[in-house]
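Note sheet for the following structure.
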Amino acid sequence: NRLRHRREAEKEAEKQVGRSGENPNYEEVIRRRLDGARKEIEKYPEYDYILVNDRLEQSIDDLKAIVAAARIRRSGAVPSSGDSDVLARAQRCRRENVSPRAQQILASFAEPAAPRKE
């Protein structure tokens with residue numbers, strides 16, 4: 001599951017429905033997308049890991065580390081010295097380490113949206 005900031009949701013919705021002048025339902029689409037993103041973010045306590053997808057390359061590397069760390073743990077093998085970076089990166093994505101950021105993102109959904117430039 002990914003977390004999205006308000007700006008990212010607005011950009012994505014704008015791509016899909018066009019600018020507000022082109023689509024009279026623009027504000028409604030934005031509202032629905034933000035509501036969906038908020039509901040998704042509210043579920044973060046149910047997950048072991050949280051990826052904040054605000055930098056694509058970093059998010060890809062984090063996801064790879066999470067998958068690799070799970071495989072290392074599941075194998076039952078003693079992690080090698082080369083595995084330490086992967087395990088550390090995955091650990092940084094654990095819910096307990098990302099929860100403050102998730103709370104901050106969730107709080108941003110209660111803030112009014114910044115005015116759009118036409």
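The values are calculated or read from the model by the stated rules, or taken from the named source; none is laboratory data. The structure presented is a predicted model; accordingly, all values stated were derived computationally and were not measured. Only protein heavy atoms, including side chains, enter the accessible area calculation; ligands, DNA and RNA are left aside. Shrake-Rupley method; radii C 1.70, N 1.55, O 1.52, S 1.80 Å.
So the values come out like this:
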{"quantity": "Most to least accessible of R92, R73 (protein chains only, probe 1.4 Å)", "calculated": "R92, R73"}
{"quantity": "For the stretch 33-56 versus the stretch 80-95, the gap between their alpha-carbon centres in whole angstrom", "calculated": "21 Å"}
